[in-house]
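In what follows, a single structure is set out as structure tokens and then discussed.
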């Protein structure tokens, strides 16, 4: 295979474009996982905050 055939497959056929999309999707997931692990390692000593509740049953909604 020469460069032209690879270029033609990747950028001028539906299967090639699908392969490119799949490769970029997998690469972005791998980068996201790596950066998430690094972030957890850096900020591992952070505890939960006392007002860290995501409860939607607040006083405002109880009055309605």
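The values are calculated or read from the model by the stated rules, or taken from the named source; none is laboratory data. These numbers were taken from a predicted model, which means no experiment stands behind them. Using ideal geometry, Cβ is built from the backbone for each residue, glycine included, and neighbour counts are taken over all protein chains shown.
Here are a few things to note about the model shown:
- Total residues in the stretch 1-24, condition assigned to a helix (DSSP H, G or I) and surrounded by 10 or more Cβ atoms within 10 Å (Cβ to Cβ): 15
- Filtered residues of the stretch 39-64 (kept if surrounded by 10 or more Cβ atoms within 10 Å (Cβ to Cβ) and at pLDDT 60 or above): 39, 40
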